[in-house]
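What follows is one structure encoded as C-alpha cells, with my remarks underneath.
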Amino acid sequence: MGHEVKAVIPQFRMNQNKSTDPAELDRLHKSGKIVQTPCKNLPGLTSTSYDDRFILQLACAMDAAIVSNDNYRDLLHENPAFKKIIETRVIGYTWCNDIFILPKDPYGKWGPTLDMILNRS
C-alpha cells in the first residue's frame, strides 16, 4: 500500500524481561518503526501514559489513520479532534492464518472507504 507505518507500545515493553524478542524491538525502534509511550520508573512505582490517548494524539499530530480494533469509546468526547479521528480514521483488522486483512468498508456501507481513509490528499 506504500504507507508509513508506526507501532505504538509502552516504553517498559522494551525491557529484556517484558518481550519475547527485545533485540527485534530495539531494531524496530532504532529504525523509527516503533514509537514508545512514556512511562515513569520510580522506586516502588511504575506508571505508564494511557496508550489510547497517546495514539489519538499522535494520529492528530501526524494527520494519520489508526489501525486498531479498539473503538476508543472512552475518549470519543474528550476532544473534538479525537472524535473526528475516531469517527472517520480508525480501521479495524483481522488475521486469517498469515494474512493481514483490512476491510474495504471499515465504517460500513455509508462510511468512508479504506481507500478514502488511506489516500486522503
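Tabulated results
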| item | result |
| --- | --- |
| Single residue of the range 47-64 satisfying the filter (touching a strand residue (DSSP E or B) at 6+ places or on another chain (Cβ under 6 Å) and not acidic (Asp, Glu)) that is farthest from residue 90 (Cα to Cα) | 47 |
| Residue tally, condition surrounded by 13 or more Cβ atoms within 10 Å (Cβ to Cβ) and either assigned by TED's automatic domain parsing to the domain that holds residue 35 or among the small types (Gly, Ala, Ser) (or both), over the range 67-121 | 3 |
| The range 81-121, residues that are part of a loop (DSSP other than H, G, I, E, B), under 15 Å from residue 63 (Cα atoms) and modelled with pLDDT under 95 | 119, 120, 121 |
| Output for the range 22-51, where each listed residue is hydrophobic (A, V, I, L, M, F, W, C) and under 12 Å from residue 11 (Cβ atoms) | 25, 34, 35, 39 |
| Hits in the range 1-54 (condition: in contact with a Pro (Cβ under 6 Å, 6 or more places away or on another chain), modelled with pLDDT under 85 and under 24 Å from residue 76 (Cβ atoms)) | 48, 49 |
| Yes/no for residue 78 being under 14 Å from the mean Cα position of the chain (by Cα), outside any helix (DSSP H, G or I) and not β-branched (Val, Ile, Thr) | no |
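The values are calculated or read from the model by the stated rules, or taken from the named source; none is laboratory data. The structure presented is a predicted model; accordingly, all values stated were derived computationally and were not measured. Heads up, the Cβs are rebuilt from the backbone with ideal geometry, glycines too, and the neighbour counts pull from every protein chain shown.
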